[in-house]
Structure formats: structure tokens, C-alpha cells
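Have a look at the structure below, then the notes.
The values are calculated or read from the model by the stated rules, or taken from the named source; none is laboratory data. Worth saying up front: this structure is predicted, and the values here are computed from it rather than measured. Positions of Cβ are generated from backbone atoms using ideal geometry, with glycine treated the same way; all protein chains shown enter the neighbour counts. Accessible surface areas use protein heavy atoms only, side chains included; no ligands, DNA or RNA. Shrake-Rupley method; radii C 1.70, N 1.55, O 1.52, S 1.80 Å.
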Amino acid sequence: MQTQLTDHPYRTAIMDEVHARPVEIIEAECRIRRLVFVMPSEAGAMMRVFHRFEQFCRDAGVAVPGPSSRQHGFDRDNRHITWEFHTEFVTITWRSALTDKQNYPDGIGLAAIEDGLLIGATRIDVIADKTVPEALLPAFSLPSLCVADVESGKAQVATDFVPDADKFTRFEFAAGGLSVLRRSIIIRRLLEVETYRTMALLALPLAREVSPSLRATEIELTALMESLSEATTSETVQTALTALDALSVRSGQLSERLGYRFAACHAYGDILRTRLAGLRESSTAFGSSLTHYIGNRVDPGLATCAAMEKRLSVLSSKIERAISLLNVRISVDMQQQNNAVLDNIAQTARSQFYLQRTVEGLSTIAISYYLLGILSYMLAGPLEEFHFNKVMTLSIAAPFVVLAVWLMARSVRKAHTVK
């Protein structure tokens with residue numbers, strides 16, 4: 001009897017991940033364009049784009065993507081169009097003949113991404129030569145010209161990373177020495193290099209924007225830390241704690257604003273380096289390699305973001321330590337105040353005890369005095385009848401009365417003490 005095997009609930013997703021973004025086979029000569037759109041940072045933004053894209057596909061009469069598709073391609077108007085959905089951005093890539101001059105054609109579904117913001121635009125001209133013709137190089141900007149052999153010299157790529165009048169960064173890719181599959185893989189890597197280069201640097205303008213605020217917070221914290229030694233009274237300590245709390249709020253706001261962007265910056269930077277390494281470049285006499293040029297221009301920006309993230313983390317740690325120190329000082333002050341209060345209570349209790357003893361003694365005398373007075377009235381008749389001396393009798397009874405009153409008061413005090 002065959003054993004029934006139960007799949008892990010994630011097995012299908014794991015298997016599909018390998019083929020989620022398949023490499024598309026590229027012709028020997030064609031023009032490839034890609035647009036990269038960043039979606040708004042709000043819930044449901046990506047799903048709205050996906051639903052509009054589904055509707056576009058229905059209206060255009062092409063295949064509709066599945067509900068979990070992250071890459072969907074179709075043919076229309078002599079172009080092959082591919083949409084890719086990422087975590088926070090969408091890419092639209094299409095290829096056509098080298099003679100295609102339409103940079104923003106109508107048939108690729110641009111209307112479906114109306115709320116996206118354009119962050120990158122790339123054009124790759126794929127030619128069947130093994131090297132980029134020198135006649136094409138003057139069209140690039142010489143100061144930023146990159147001409148590199150890829151795939152160990154089997155192909156060559158040229159670019160200057162300068163957007164043209166239509167916002168596209170142009171690449172010339174001579175892939176005549178590559179197989180169909182390797183050509184397709186390298187083209188995909190070139191597209192991803194430009195995509196992740198722009199996405200990785202998306203954090204840099206934000207880091208520069210918040211740098212003055214972060215610096216002002218650091219200076220204010222330094223001044224506050226230097227003044228903590230002078231905070232000796234409860235009022236000054238409370239004032240310092242209020243100021244630190246305000247700094248903590250500002251630091252938290254900066255962290256909330258920058259945290260996701262910096263995390264994405266690190267991830268995109270890692271992917272960018274991996275894609276560059278996959279090109280297997282070597283320099284030529286005409287210009288720099290892509291890896292060297294991007295390393296000189298992009299790495300400092302990524303380092304700036306990393307330094308900003310570290311400064312923000314250090315700032316938060318300093319604020320937490322300062323608040324902890326002040327809380328300790330406040331706790332010590334409160335403990336000292338509580339000790340003083342307890343001492344006062346103990347002193348008051350002792351005073352009350354002494355007063356109680358004094359009152360108790362006086363009360364014993366007073367009660368005995370009144371009790372003897374009552375006895376003198378009560379015994380006046382009998383003493384006279386039996387011819388006893390009244391004064392002598394009361395004198396003899398006085399110690400016993402006092403002792404009886406004292407014992408009674410003592411028993412009452414003990415009863416209250418037990419309770």
C-alpha cells in the first residue's frame with residue numbers, strides 16, 4: 001500500500017519562488033526599455049495597481065495575470081511587454097525593433113500605474129556585434145563614459161548613466177559572442193543594475209534632508225548631558241527629564257521616518273553588488289567599468305545612509321542612557337525622601353507613645369481621685385453607723401483603688417495592642 005505524503009503548506013510557494021521571475025529570451029538585435037515606478041507608502045497601493053493592470057489586460061484582449069503573479073508578459077503592437085510587481089515598486093519592461101522611437105507608447109498599460117512615481121528609466125540597444133562600435137561612443141558623455149567587456153570578453157557594454165531628453169539612461173550592448181540564454185541573462189542583469197542603483201540611492205536625499213534636524217538634536221543632547229551634573233534639585237532634574245523626553249520623541253520620529261528606507265537601502269545595495277559581480281566585467285581602454293564607476297558614485301551614498309543610520313541609533317542609545325540615569329537619580333531622591341518621612345513618622349509615634357504614657361498616668365490618678373470621692377459618699381453612712389474613722393478608711397483604701405485603676409488601664413492597653 002502506497003504511503004500518503006502530506007505537503008508542507010509552504011512547499012508550493014517555495015517551489016514557485018524559483019520561477020517567479022523567469023528570464024525572458026531576448027532576440028539578437030532589439031531595443032529594450034524599462035520604467036521603474038515607486039508606489040505610494042500606503043496600504044493597498046500595490047493591490048490597486050494590480051487590479052487596474054488586470055482590467056487593462058481584459059480591455060486589451062491579452063492574458064490576465066493570476067492573483068499571485070509577480071511577473072506577467074504579453075505581446076501587443078509588435079512589442080513584448082513585461083510587468084513586474086515588487087515590494088514597493090513596479091517595473092514595466094518592453095522590447096521592440098531597434099528602429100522603435102516611441103519611448104512612452106500607449107499599448108503597454110501606463111494608465112494603470114497613474115499614482116506611481118517614476119524613479120528610473122533605462123534603454124538598452126542590443127546589437128549583434130561583439131564589441132560596441134567606436135562610432136557610437138561620441139554620443140555618450142566622456143566624463144562618465146563606461147565601456148566594459150562582460151562575460152570574460154564575449155560581449156561589451158557602454159553607457160554614461162546620463163538620462164537623455166526623455167529621461168532614459170542609454171546602454172549599448174554588443175552581445176554577438178554570447179549564446180541566446182547568456183545574452184538574455186546579462187540583459188536582465190543590466191536592467192536590474194540600473195533598477196537597483198536608483199532604488200538603493202532613494203534613501204540618500206532623505207538622509208540629507210533630515211541631517212540638519214539630526215545634528216540639531218545631537219547638539220541639544222550634548223548640551224543637556226553636560227548640564228546634568230548641575231541638576232541637583234528635584235525641579236532641575238524634572239526639567240532635564242522633560243527635555244530628554246522631548247528629544248526621545250524627536251529621535252523616535254526620525255527613526256520611524258528613516259527606518260524602512262535605510263533597511264531597503266541596504267537590501268538594494270546588496271542586490272546591486274551581486275548583479276554587478278554577475279556581469280564578470282573587465283575594463284577597456286575607452287572608459288571605466290560599470291562596477292568601478294558605480295562603486296565610486298553609489299558606494300559613498302550608501303555609506304552616507306549607513307552613517308546616518310548609525311548616528312540615529314547612537315543618538316537613541318544616548319537618550320535612553322540619560323533617561324535611565326535621571327530615573328535612577330529620581331529613585332534615589334524619592335528613597336531619601338521616603339526615609340525622611342519614615343523617620344518623621346517614627347519620631348511622631350515615639351512622641352505619641354510618651355504622651356500616651358503620660359496621659360495614662362494622669363488618667364489613673366484622676367480616675368482614682370474621682371473613684372475615692374464616690375467611695376467617700378458611698379461609705380459615709382456605713383462608716384458613721386459602725387463608728388469607723390472615715391479619713392483613715394479612705395487612706396487605707398486609696399492605694400488599693402489606685403492599683404485597681406492602674407491594672408484596669410493596663411488590661412485595656414493590652415487588649416488594644418493585641419488587636
For this session: Quick one: give the max-minus-min coordinate of the C-alpha atoms of the chain along each principal axis, largest first, in Å.
Result: 154, 69, 45
Problem set entry | For the stretch 167-274, fraction of C-alpha pairs farther apart than 16 Å, in % | 72
Exercise. If the chain between S363 and D299 were fully stretched, how many nm would it gain, using 0.36 nm times the residue separation less the Cα-Cα distance?
Worked result: 13.7 nm
Exercise. Going by a ≥ b ≥ c, the root eigenvalues of the Cα gyration tensor, does the stretch 254-344 fall in the rounded group (a/c under 1.5), the prolate group (a/b larger than b/c) or the oblate group?
Worked result: prolate
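Report, as a whole number in µm² per second, the diffusion coefficient that Stokes-Einstein gives for the stretch 1-151 at 4 °C and 1.567 mPa s using the Kirkwood radius over alpha carbon pairs.
Values: Rh = 18.2 Å.
Approximately 71 µm²/s, per Stokes-Einstein.
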Exercise. How much solvent-accessible surface does K167 expose, in Å² to the nearest 10, with a 1.4 Å probe and all protein chains in place?
Worked result: 130
Problem set entry | Cα-Cα P(r), the stretch 65-113, percent of pairs per 5 Å interval | 5, 18, 31, 25, 13, 7, 2, 0
Seminar exercise, completed: Put V64, V405 in order of accessible area, largest first, probe 1.4 Å, and you get V64, V405
Seminar exercise, completed: Stretched fully, the stretch from N389 through S331 gains (0.36 nm per residue minus C-alpha distance, one decimal, in nm) 13.5 nm
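Using the Kyte-Doolittle scale, find the helices of the chain whose mean hydropathy is at least -0.5 and whose Cα atoms extend 27 Å or more along the helix's long axis, counting only whole DSSP H runs.
On the way: long enough: 180-200 (29 Å, 0.19); 203-227 (35 Å, 0.27); 234-279 (65 Å, 0.09); 290-385 (137 Å, 0.15); 390-418 (41 Å, 1.08).
Helices meeting the span and hydropathy rule in the chain are 180-200, 203-227, 234-279, 290-385, 390-418.
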Exercise. Nearest-5 percent of antiparallel DSSP beta bridges in the chain?
Worked result: 85
Problem set entry | Pairwise FRET efficiency - N78 versus I271, Cβ, R0 = 25 Å, nearest 0.05 | 0.20
Seminar exercise, completed: Residue span A28 to D166: 0.36 nm per residue of separation minus Cα-Cα distance leaves a gain in nm of 47.2 nm
Seminar exercise, completed: In this structure, the FRET efficiency calculated for H8 and A60 from their beta-carbon separation, with R0 = 35 Å, to the nearest 0.05, is 0.40
Seminar exercise, completed: Using a 1.4 Å probe on heavy atoms of the protein chains only, the accessible area for D270 in Å², nearest 10, reads 90
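Could you report the chain's accessible area per residue, 1.4 Å probe, as an integer in Å²?
Each residue of the chain exposes 58 Å² on average to a 1.4 Å probe.
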Problem set entry | List S68, S331, ordered by accessible area with a 1.4 Å probe, largest first | S68, S331
For this session: Using +1 at the Cβ of each Lys and Arg and -1 at the Cβ of each Asp and Glu in the chain, identify which of N296, T217, G109 lies farthest towards the dipole's positive end.
Result: T217
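So what's the back-of-envelope 222 nm ellipticity for the chain, counting only DSSP H runs of four-plus at -39500 (n - 2.57) apiece and dividing by all residues, rounded to 500?
The helix-only estimate for the chain comes to -21000 deg cm²/dmol at 222 nm.
Quick one: pull the percent of accessible area on the chain belonging to carbon and sulfur, 1.4 Å probe, ligands and nucleic acids left out.
After summing per-atom areas, the C and S share lands at 59 percent.
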